[in-house]
Amino acid sequence: MRGYERLELMPILARGNHAHPRIGGCFAEVAGVLAAHRWTDHPACIPRVLAHIARGVNDRTGPEARMALAPLIPWAIFPPRPPRDLTRDIAVIAGLVELIRDERQDDPEFAPLLQRLERPPRPRHVLDRMAWRRAAQHLVRARLRSISSMPAGPVRDARLRALLTTAIDAARAVEGLPPFPEPVDAPVTGIRLLPVTAQVAAVDEAFELRVEPLLDRWPHWIGDPWNERLREIGARPVIDGQDLPERAAGARRLSPV
């Protein structure tokens, strides 16, 4: 570890976004640490619609059930695609639409959104893509509000988890992958502290927080799924700047595709 790196203990999973890993890490922030070693709750490694669902499920799930979401994080990570490529987002929304229709929800809030999202956006039409993204975001928010209106407890937490797992599997199906394996349960009591190293790095005339996981000291219920996911996508380590420190022990990043 270099002198300007600091060892931190990151509490997971925490509600909301966070300025620093010592305060806590949400679902998306931990994904960003694993895949890109960057501290953000909008990492490029999670498809945009899936990330929106993941943040909403993270924040609305009860504290103990939220901890059980941690082993799902590696399966929500995908190699980034160009911003104009909506393939994964379209698949996630299609899965969400099917889920809502199967439940025969007659909420008038859903009807116009479902109708708008039945037609995929035209790839070459910027305004059509923007309108589709807005409708997709509204549908996710409406679905999250609908589940959150239920009384707090195991039933609501299970519905939120099902929404997230459905979205992950829909994105995997685009890659020709089967549903992800049932993860090992994470402990649901007590605060889990995961060791990382953190430093401020210069990137493109700006500064960002680099956070690298010390995976050899992470619990098996998140380290093992991450290693499985890396083998599945054939990722290899990447160094994307000469100003970066040497890789932390056990850390690996996703290659761009």
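For the chain, report the accessible area per residue in Å² (1.4 Å probe, heavy atoms, rounded to an integer).
50
Under a point-charge model restricted to the Cβ atoms of Lys and Arg (+1) and Asp and Glu (-1), what is the dipole moment magnitude of the chain relative to its Cα centre, in debye to the nearest 20?
500
What is the percent of Cα-Cα separations in region 68-124 that go past 18 Å?
50
Step by step: find N for region 47-154, compute 2.2 N^0.38 Å, then divide the Cα radius of gyration by it. What's the final number?
For region 47-154, the normalised Cα radius of gyration comes out at 1.14.
Once you've got the GNM for the chain with C-alpha springs shorter than 10 Å, pick whichever of A158, A136, A28 has the biggest mean-square fluctuation.
Taking springs between Cα atoms under 10 Å, the residue moving most is A158.
Please list, in chain and number order, the residues 5+ apart from W39 or on another chain whose amide H is under 5 Å from its amide H, with Hs placed from the backbone.
It is L209, V211, by chain and number.
If you add up the charges near E8, with Lys and Arg at +1 and Asp and Glu at -1, over every other residue whose beta carbon is less than 13 angstrom from its beta carbon, what do you get?
Value of the local net charge: +1.
If you take all C-alpha pairs in the chain, what percent of them are over 27 Å apart?
Summing the P(r) tail past 27 Å for the chain gives 37 percent.
Which residue, chosen from V49, P183, P112, occupies the Cα position most advanced towards the positive end of the dipole of the chain, where the dipole is computed from +1 (Lys, Arg) and -1 (Asp, Glu) charges on Cβ about the Cα centre?
Farthest towards the positive end: P112.
Report the relative contact order of region 131-229, percent, no decimals, based on alpha-carbon pairs under 8 angstrom and at least 6 residues apart.
Reported relative contact order: 15 percent.
Over all directions, how big on average is the projection of the convex hull of the alpha-carbon atoms in region 42-88, in square nanometres?
3.3
Could you tell me what percent of the accessible area of the chain is made up of carbon and sulfur, with a 1.4 Å probe and every protein chain present?
54
Under the definition of Cα pairs under 8 Å and six or more residues apart, what whole-number percent is the relative contact order of region 1-110?
This gives 22 percent for region 1-110.
Using Cα pairs closer than 8 Å and at least 6 residues apart in sequence, work out the relative contact order for the chain, in percent.
28
Let me have the 222 nm mean residue ellipticity of the chain computed from DSSP H runs of 4+ only, each contributing -39500 (n - 2.57), with the sum over all residues rounded to the nearest 500.
Rounded to the nearest 500, it is -13500 deg cm²/dmol.
Just add up the charged neighbours of R116: K/R +1, D/E -1, any other residue whose Cβ is under 12 Å from the Cβ of R116.
Computed value for this residue: +1.
Are there DSSP H segments in the chain that both extend 15 Å or more along their axis (alpha-carbon positions) and score a mean Kyte-Doolittle hydropathy of at least -1.0? List them, or say none.
48-60, 87-102, 126-148, 154-174
Excluding R84 itself, what net charge comes from residues whose Cβ is under 14 Å from its Cβ, given Lys and Arg +1 and Asp and Glu -1?
My count for the surroundings of R84 gives +4.
The values are calculated or read from the model by the stated rules, or taken from the named source; none is laboratory data. Given the structure is predicted, the values throughout are model-derived calculations rather than measurements. Cβ atoms come from the backbone with ideal geometry, glycine included; neighbour counts cover every protein chain shown. For the accessible areas, the whole protein counts, side chains as well, though only heavy atoms, and no ligand, DNA or RNA atoms are used. Shrake-Rupley method; radii C 1.70, N 1.55, O 1.52, S 1.80 Å.
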